[in-house]
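First up is the structure itself, then whatever we jot down about it.
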Amino acid sequence: MSTAGHPDASAIAGILDKCVHCGFCLSACPTYDLLREEPDSPRGRIALIAAVAEGRLEPGDRFALHMYRCVGCLACETACPAGVEYGRLVEWARALVGPPGGAALVEAVAPALAARAGSRAEGRAEGPGDQAQAPAGIPAEGGTMDDRETALPGRVGAAPAPSLPGWAVQAALRHVLPHPGRVRAAAALARWFSRSWLRRQIQQGLLAGPGGEPPAPGTIAASLARVDAMLPEFPGRFFDPPEVLPALGPRRYRVGLLSGCVMGTLFAPSNEATVTLLRRAGCEVVIPRAQTCCGALNVHNGDPEGARAMARRNIQAFHPDGPCGPLDAVLVNAAGCGAAMKEYGHLLAGDPEWAEAAAAFAARVRDVTEFLDEVLPETTLGRIEPCRATYQDPCHLAHGQGVRSAPRRLLARIEGLELVEMPGSDRCCGSAGIYNLVQPEISERMLAAKMQAVASTGADLVVAPNPGCILQLRYGAQRYGPPVRVEHLVDVLARALEGSGAAAGPGAGDGSRSREGPSHG
Amino acid sequence: MADVADLADRADKAHSAHIAGRAGAAGAADPAFRVPFDRAGLQRELQAVLGPERVRSYPEDLIAYENDGSVFRALPDLVVFPTSTEEVASVVRVCRRYGAPVIPRGAGTGLAGGTIPVTGGVLLVTAKMNRILHVDLESRIAVVQPGLVNIDLTRAVMGQGYFYAPDPSSQLACSIGGNVANNSGGVHTLSYGVTTNHVLGLTAVLPDGEVVRLGAAAPDAPGLDLVGLFVGSEGTLGIVTEVVVRLMRRREAVRTFLAVFESVRAAGQTVSDIIASGLVPQALEMIDDVTIQAVEPAVGAGIPMDCGAALLIELEGLADGFDAQEAVIRRVCAANGARWVRVAEDPADRDRLWAARKGAFGALGRLAPNYLVQDAVVPRSRLPEVLDEIRAIAARYGLQVANVFHAGDGNLHPNLLFDVRKPGEIQRVLAAGEEIVRLCIDAGGTISGEHGLGIEKNAYLEWLFSPETLDVMKAVKTAFDPERLMNPEKLLPSPVSCSEFTAKMAPEVLAEMGLWV
């Protein structure tokens, strides 16, 4: 390898220069907190990325492993005094190594292979140069996390589960997400399965022993049982609104709304609640059919090209000169999507044809909580049944977009809701896009810690304005307790406004709004 | 003293042999400082002790551990993660048998290169030894493992109204073990003292693998003060594996001031005048104009970007006395032409002000890719002139200097900003740094307040102490570590000090270290 440095390194040289390795990011990092090893900290990953950029290190499987162990929560960016844009560094590194698969797969199968290989581990541990050239280097050392159980109290025998296979991630990124129709078809299939005879057969026949006991840790059955437990409840129908919905009352704003992949299917009722809230706030809501997935998962999983294609479609769909017409804002009710869309300007900066439109689009993107906090009248937002609630800061809202106080202000204006802060409310819950699928073990440990923080508040409701967090926390409530309800902020707000006796707008309040209470298994 | 001379002599001889042996055995492809040993054999034996997963040699692991908070870097041969005193002792014994250096490392936030494995060897990382073993609030003590992050101790006891006093700026990240190694201070050192004032006892693994308990859970243990000797020894005498620390009761009230001045000199004079007035605030910190350009955009503490310097002043104690003390502070500030003085409005405001101070080093990354920070202490009465002279020195070398420091203690932190990739720049920075150190010594000061000497300032010890005094230090080192395997070449004068070492950081040398894979 040349010592001249990596050919693509110029894109990140300015960011790398800012890091003076002070280490302030270490305590903010959830993976460092659990693993306490530098290569799994922001500072360590930056050192590895710098070494690749300098041409000192080949970006192989081991490098990829550390890059994909990052949850991408960006808490380190909040902690960094130098303003290092860490997220962009990791995106660069992931684009370099491609979508997860190789590394994650290595980690997943390493324990089994290592056990089989037994003492053949000898002779693998020579110089660094030797190892780097060793094929794929299924690590007997490194990788797994045997010794850390003491670090996290309350770890509940989380079995190391094989992660989502790389081919499945890549297929989803490249062939499903860019096509809203396929997203819906996949969701419909999952919904059918979740309610099917087949699932019950698998649960009874494969995932439970003769006495109904759970499968032994480390087995494939245990992994399947975990995925089965994570499978959420699906709403009766998906989000399918008309393209334009008039304001209820005089029109004050004209806003666009991203339907979202998960929000449009699993959280269709929350999307409907969002529309209702916006219309009651005097917004004409435009939901262009031409829009597509935001591309966040592609950006975070080494497929920036795919993300760019999706960004272009969305920019076009919401373009003021197009059929959509001028908009005061493009609103998003999923924090991860919003953060990605606010980055479109950066994503397309190198594309002369699109750069300007992308920057203009990004400037109009707002999280729905930011917008509602501004436009809803400075009075009570209604009443709900008395409850003690705690707020989970979605990483990509707090760290990614710097939105922390708007959602809290909204909650504080609901009568009957007592807001209690949990320790580390802006610490990642372990959902992190597809992290809970590709890094199951670390994700489980982060979730267990999060549920302890929730328990310490005595709350019976957790509010999190992001679908990934909601699904993860609902699963966490089942698996680790406490038996809390977990809801999107818009659902709580919509219920409060109903409770205050005001009329709910059309498109909400029908059958699909009857949220299932989360099952407390 | 004959024994001391003898020990010192033996140390010198061993040292010469050491260096010579390295140069001879290592051959042309290896930088002269690296100590040769049977790495594969050592790795196998260490894996037998710790298991394969806590003994690492992947290039990714080594590269992630080649840096600390300083400007230096060097690759370890192996990185190990023990979790108990017994494991540390086993690692040390095995390494000794192989003749491999052992370099202890906590959180790697040090600023003087104290954890940089310049000789190669085994980097012993205590980050997984981060438990609080015991808390006794009645006796106001806690027993902790060395890898515990400083702030985590205070967080664990603050609910009961206690805190751990030493609060280095890096307290969110740095480890108690690292604080012990460097005798770290903090922004409240002015009234609470440094780490050594808060450590009652230690468990340590000596370089021969023996485990000793020093001091006691009660203050003022009899016999030689080996705790005092260990605190600040930068891991050169052994590895601390448990620390008995004093906890303090949280004060009733706190009042924090931000005072803004037109010049560094006026702020420096204010510091001298406040101390001369007889008032000793709990903290008295200065941030100069250059530093403000870095921290204000990072934190938004409300410090005017066009001012010359800002002082952070904090009172802690009984609220009753605060008004009289505030009057003194305001009077002195006004007399020195302060633009304005304000009191932190609430805890969040106070946190922001302290974030501006504590995040300053990291924030300098906004101004330049690298910085070299000095840590000299000068008599407070000389602050204004020394600050002026430091600026003059930096200007002479064509460098920018950012001052952010413990003004109340006279503990300076001039940061020379630079870009290590620009040819000749590191040499100019080191030369300017030396002049600054000379200046501070000539002003009646000393070379390091709290950061330790590491490989950055170890050579300067010779400017400060007589050969006889240095002989005593060398003799102590030899008494503990005759084979010079415990964090070698640090703290005491050595051929491996920063200028020599950085000369060997050239890319082609790094390539020869086996890095270019």
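The values are calculated or read from the model by the stated rules, or taken from the named source; none is laboratory data. Just so you know, these numbers come straight off a predicted model, no measurement behind them. Counting neighbours? That spans all protein chains shown, and the Cβs are built from the backbone with ideal geometry, glycine included.
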- Test: B:GLY359 is more than 21 Å from B:ASP167 (Cα to Cα) and small (Gly, Ala, Ser): no
- With respect to B:TYR98, is the statement that it is at pLDDT 95 or above, outside the structural domain of B:ALA216 (by TED's automatic domain parsing) and under 21 Å from the mean Cα position of the chain (by Cα) true? no
- Message: For segment A:47-60: of the residues being outside any helix (DSSP H, G or I) and within 9 Å of another protein chain (Cβ to nearest Cβ), which is surrounded by the most Cβ atoms within 10 Å (Cβ to Cβ)?
- Response: A:LEU57
- Item | Odd one out for B:GLU242, checked against (1) without any contact (Cβ under 8 Å) to a residue 40 or more places away in the chain; (2) in contact with a Ser or Thr (Cβ under 6 Å, 6 or more places away or on another chain) | (1)
- Query: Is it the case that segment A:354-373 has a residue that's of a type in the set (Val, Ile, Thr) and out of contact with any helix residue (DSSP H, G or I) (no Cβ under 7 Å at 6 or more places or on another chain)?
  - Reply: no
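Results for (1) small (Gly, Ala, Ser); (2) out of contact with any Leu (no Cβ under 6 Å at 6 or more places or on another chain); (3) not in a helix (DSSP H, G or I), shown as yes or no for each residue.
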{"residue": "A:HIS21", "(1), (2), (3)": "no, yes, yes"}
{"residue": "A:ASP33", "(1), (2), (3)": "no, yes, no"}
{"residue": "A:ARG45", "(1), (2), (3)": "no, yes, no"}
{"residue": "A:ARG62", "(1), (2), (3)": "no, yes, no"}
{"residue": "A:LEU65", "(1), (2), (3)": "no, yes, no"}
{"residue": "A:GLY72", "(1), (2), (3)": "yes, yes, yes"}
{"residue": "A:GLY83", "(1), (2), (3)": "yes, yes, yes"}
{"residue": "A:ARG88", "(1), (2), (3)": "no, yes, no"}
{"residue": "A:ALA93", "(1), (2), (3)": "yes, yes, no"}
- If we scan segment A:229-238, do we find a residue that is touching a Phe, Trp or Tyr at 6+ places or on another chain (Cβ under 9 Å), small (Gly, Ala, Ser) and farther than 30 Å from A:ALA317 by Cα? yes
- Within segment B:26-40, identify whether any single residue is in a helix (DSSP H, G or I), at pLDDT 95 or above and either in contact with a helix residue (DSSP H, G or I) (Cβ under 8 Å, 6 or more places away or on another chain) or crowded, with 22+ Cβ neighbours inside 10 Å (or both), and answer yes or no. no
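Residues checked against (1) in contact with a strand residue (DSSP E or B) (Cβ under 7 Å, 6 or more places away or on another chain); (2) of a type in the set (A, V, I, L, M):
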position	(1), (2)
A:ALA309	no, yes
A:ARG313	no, no
A:ALA317	no, yes
A:ASP321	no, no
A:LEU327	yes, yes
A:VAL332	yes, yes
A:ALA335	yes, yes
A:GLY345	no, no
A:GLY350	no, no
- Among residues belonging to segment B:197-249 that are on the phi > 0 side of the Ramachandran plot and of a type in the set (Asp, Glu), point out the one that is modelled with the highest pLDDT. B:GLU234
- Query: Can you name the residue in segment A:260-280 that is among the polar types (S, T, N, Q) and under 24 Å from A:GLY433 (Cα atoms) and, of all such residues, is surrounded by the fewest Cβ atoms within 10 Å (Cβ to Cβ)?
  - Reply: A:THR265
- Please state which one of B:ALA48, B:ALA74 is more than 7 Å from chain A (Cβ to nearest Cβ), small (Gly, Ala, Ser) and buried (at least 24 other Cβ atoms within 10 Å of the Cβ). B:ALA74
- For segment B:338-348, indicate whether the set of residues that are within 14 Å of chain A (Cβ to nearest Cβ), of a type in the set (Asp, Glu) and surrounded by fewer than 18 Cβ atoms within 10 Å (Cβ to Cβ) is non-empty. no
- Message: Take the conditions crowded, with 21+ Cβ neighbours inside 10 Å, at pLDDT below 95 and within 28 Å of the chain's Cα centre (by Cα) and apply them to A:GLY256. Does it pass?
- Response: no
- Query: Of these, A:ALA349, A:ALA360, which one is more than 22 Å from A:ARG279 (Cα to Cα), outside any helix (DSSP H, G or I) and of a type outside the set (Val, Ile, Thr)?
  - Reply: A:ALA349
- Among residues of segment B:121-132 being over 17 Å from B:GLY159 (Cβ atoms) and away from chain A (no Cβ under 12 Å), the residue surrounded by the most Cβ atoms within 10 Å (Cβ to Cβ) is B:VAL122
- Query: If B:GLY362 satisfies every condition in (1) of a type outside the set (Val, Ile, Thr); (2) more than 11 Å from chain A (Cβ to nearest Cβ); (3) in a helix (DSSP H, G or I) but one, which is the exception?
  - Reply: (2)
- Any hit, segment B:287-301, residues being surrounded by fewer than 18 Cβ atoms within 10 Å (Cβ to Cβ) and free of Cβ contacts under 8 Å to residues at least 60 places away in the same chain: yes
- Query: Is one or more of the residues making up segment B:167-176 free of Cβ contacts under 8 Å to residues at least 60 places away in the same chain, within 14 Å of chain A (Cβ to nearest Cβ) and touching a Cys at 6+ places or on another chain (Cβ under 8 Å)?
  - Reply: no
- Message: Only one of B:ASP388, B:ASP409, B:ASP419 is touching a helix residue (DSSP H, G or I) at 6+ places or on another chain (Cβ under 7 Å) and within 14 Å of chain A (Cβ to nearest Cβ). Can you tell me which?
- Response: B:ASP419
- Message: in contact with a Lys or Arg (Cβ under 6 Å, 6 or more places away or on another chain) and either in the same structural domain as A:LEU489 (by TED's automatic domain parsing) or of a type in the set (D, E, K, R) (or both): which single residue out of A:ASP328, A:ASP321, A:ASP303 fits that description?
- Response: A:ASP328
- Verdict on B:ARG428 being charged (D, E, K, R) and touching a strand residue (DSSP E or B) at 6+ places or on another chain (Cβ under 8 Å): yes
